[in-house]
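Asks: Provided herewith is a single structure, encoded as structure tokens, for subsequent inquiry.
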Amino acid sequence: MNDSLPPVATVTGTNTVEGEELREVFSRSIARGHGGAQLVVTLNGKTIVDLAGGDITATTPVQIFSVSKLIVAIASAHAHMNGLIDLDAPISTYWDKFKRTSTEKITARMVLDHSSGISALSRMMTVDGLLRDEADREVAQQEPFWEPGSAHGYGAFTFGALMSGVFKNALKISIQEYAYNEIIKPSGADFWFGAPKELLSSVASLSFDPPMLTEGVKEFLFSSKAIHDGAMMPILSDLKGFFTNENVIVASWPALSGVSTARSLAKVLNSTLGHDKSNGTLNKECLEGMIAERGYGMDRTLGHVTRYGSGVELPHAYFPILGGRSFGHQGAGGSVAVADPDSGLVLTYTSTHTESTVGASNSALTLLAAAKTILR
């Protein structure tokens with residue numbers, strides 16, 4: 001009889017009694033999907049599930065793309081909390097290139113909540129140009145696409161280039177170094193902005209579905225409102241070729257080059273909320289400042305509704321997260337890292353497979369919904 005049964009989805013790892021149903025949901029997602037995935041769910045610091053499936057293990061480093069922005073957000077809030085950077089002060093006070101009429105009022109908070117107006121680059125970039133960090137120089141002379149603070153639009157690449165400039169000009173230290181020293185290392189996490197070359201052979205292989213547009217995004221792209229990002233052209237023209245390029249995998253871009261595991265992302269979030277042995281990376285005031293709603297409505301660059309705090313995504317129809325006051329970020333490869341400060345629930349999920357619509361995968365969205373049943 002056993003010879004006639006279908007193959008069994010490969011899942012490894014542990015779970016508590018409360019996590020039994022969630023393990024089965026994860027197993028179903030592995031059975032339906034491609035590649036591999038990791039899932040960690042904790043409640044007030046207690047691990048409910050710690051799982052891996054498909055062709056990776058729990059310790060396999062995975063490219064998590066824009067989930068990197070969550071680390072930048074936490075590091076920025078930390079610097080603000082310690083009086084090192086005033087996120088609400090004009091960046092022109094320490095970044096001379098912004099001392100012009102169109103940009104002099106832009107704050108680091110506006111960069112974090114995607115309302116600075118510099119959500120894209122007018123100049124068409126190349127892969128080689130991005131690898132030479134030309135985007136970091138280009139953002140300093142880019143004119144805003146709208147009056148800063150009056151609208152919001154996701155800065156897929158410019159977010160990192162701008163925050164890189166903020167830290168370098170204000171603190172004379174890179175955002176990557178600050179995040180490592182103050183956020184990553186204290187939490188005990190393994191997280192890199194770009195894979196170290198010695199780790200390159202261990203990074204999970206990626207797979208991709210052919211890209212597909214929704215009706216709304218197609219209509220937006222052909223409208224007069226669309227903003228075309230020159231920094232994203234090398235990615236949009238060859239998503240697979242770009243993200244499997246070894247030079248890209250090791251590139252240190254704060255907005256989208258993160259490499260980590262679900263376990264490590266959970267450590268960062270639990271440390272941020274104080275669910276580990278620390279008092280929390282952020283005090284209550286700065287945590288609240290990071291997750292306070294700053295923008296909600298039509299996104300000027302994505303063409304659909306988004307909702308942001310200061311560098312973090314907040315629940316909305318396209319990315320419901322855990323509801324309530326939960327926050328986090330999704331990445332192009334389907335990965336997500338989210339937390340709910342009220343319930344204490346943390347969910348981190350990594351994926352090696354990019355679906356046709358870039359962002360949180362269908363499996364991640366299903367797991368987010370399923371994880372809430374732990375609270376009943």
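Asks: Expressed as a whole percentage, what fraction of the accessible surface of the range 60-208 belongs to carbon and sulfur atoms when a 1.4 Å probe is rolled over the protein heavy atoms? List each step's numbers first, then the result.
Replies: Values: 2680 of 5720 Å².
Roughly 47 percent, rounded to a whole number.
Asks: Here's a follow-up. Report the label-to-label distance for Thr57 and Ala31 in nanometres (one decimal), using points 7 Å from each Cα along the Cα→Cβ vector.
Replies: Using points 7 Å along Cα→Cβ, the separation is 2.6 nm.
Asks: Computed from the mean reciprocal separation of all distinct C-alpha pairs, what Kirkwood hydrodynamic radius does the range 266-318 have, in Å?
Replies: Numbers: mean 1/r = 0.0807 Å⁻¹.
Taking every pair of different Cα atoms in the range 266-318, averaging 1/r and inverting gives 12.4 Å.
Asks: Now for a separate question. Taking the inverse of the average 1/r across all pairs of different Cα atoms in the chain, what Kirkwood radius in Å do you get? Before the final figure, lay out each step's value.
Replies: Numbers: mean 1/r = 0.0483 Å⁻¹.
Mean inverse Cα-Cα distance, inverted, gives 20.7 Å.
Asks: Counting only heavy atoms of protein chains, what accessible area per residue, in Å², does the chain have with a probe of 1.4 Å? Please report the intermediate quantities before stating the final value.
Replies: Numbers: 16210 Å² over 376 residues.
Dividing the accessible area of the chain by its residue count gives 43 Å².
Asks: I've got another one for you. Per 0.36 nm of contour for each residue apart, how much would the distance between Phe242 and Lys105 grow if the chain were fully extended, relative to their Cα-Cα spacing?
Replies: Numbers: separation 137, 0.36 × 137 = 49.32 nm, distance 3.46 nm.
Extending this stretch completely gives an extra 45.9 nm.
Asks: Here's another thing I want to ask about it. Can you give the log10 of the normalised intensity I(q)/I(0) at q = 0.25 Å⁻¹, computed with Debye over equal Cα scatterers of the range 214-288?
Replies: Ignoring solvent entirely, the Cα scatterers give -1.10.
Asks: Quick one: if you stick a label point 7 Å off each Cα along the C-beta vector at Ser223 and Thr357, how many nm between them?
Replies: Calculated label separation equals 1.6 nm.
Asks: A further question on this structure: Once fully extended, how much extra length lies between Thr14 and Met212, figured as 0.36 nm per residue of separation less the alpha-carbon to alpha-carbon distance? Let's see the in-between values first.
Replies: Numbers: separation 198, 0.36 × 198 = 71.28 nm, distance 3.58 nm.
Using 0.36 nm per residue and subtracting the Cα-Cα distance, I get 67.7 nm.
Asks: Now for a different question. Could you calculate the contour length gain from Ser174 to Arg132, that is, 0.36 nm times the residue separation minus the distance between their Cα atoms, to one decimal place in nm? Numbers along the way, then the final one.
Replies: Numbers: separation 42, 0.36 × 42 = 15.12 nm, distance 1.60 nm.
Once the chain is fully extended between Ser174 and Arg132, it gains 13.5 nm.
Asks: Accessible area of Arg307, 1.4 Å probe, to the nearest 10 Å²?
Replies: Taking all protein chains as shown, Arg307 has close to 50 Å².
Asks: For q values of 0.10, 0.11, 0.21 Å⁻¹, compute log₁₀ I(q)/I(0) with the Debye formula on a Cα-only model of the range 242-376, without solvent.
Replies: Ignoring solvent entirely, the Cα scatterers give -0.34, -0.41, -1.44.
Asks: Continuing with the same structure: Hey, can you list the DSSP H helices of the chain whose Cα span along the axis is 15 Å or longer and whose average Kyte-Doolittle score is at least 0.0?
Replies: Details: long enough: 20-32 (19 Å, -0.65); 68-81 (20 Å, 1.01); 158-171 (19 Å, 0.94); 262-273 (17 Å, 0.42).
Correct list, ordered by number: 68-81, 158-171, 262-273.
Asks: What translational D, rounded to a whole number of µm²/s, comes out for the range 319-376 from Stokes-Einstein when the hydrodynamic radius is the Kirkwood one over Cα pairs, at 10 °C and 1.306 mPa s?
Replies: On the way: Rh = 11.4 Å.
In µm²/s, the coefficient is 140.
Asks: For the range 8-160, report the convex hull volume of the alpha-carbon atoms normalised per residue, in Å³, without decimals.
Replies: Hull volume over Cα atoms, normalised by residue count, gives 173 Å³.
Asks: I've got another one for you. How large is the accessible surface of Asp50 in square angstrom, using a 1.4 angstrom probe and rounding to the nearest 10?
Replies: 30
The values are calculated or read from the model by the stated rules, or taken from the named source; none is laboratory data. No experiment lies behind these values; they were computed from the predicted model shown. Every residue, glycine as well, gets a Cβ built from its backbone with ideal geometry; the counts of neighbours run over all protein chains shown. The accessibility values were calculated without ligands, DNA or RNA, using every heavy atom of the protein model including side chains. Shrake-Rupley method; radii C 1.70, N 1.55, O 1.52, S 1.80 Å.
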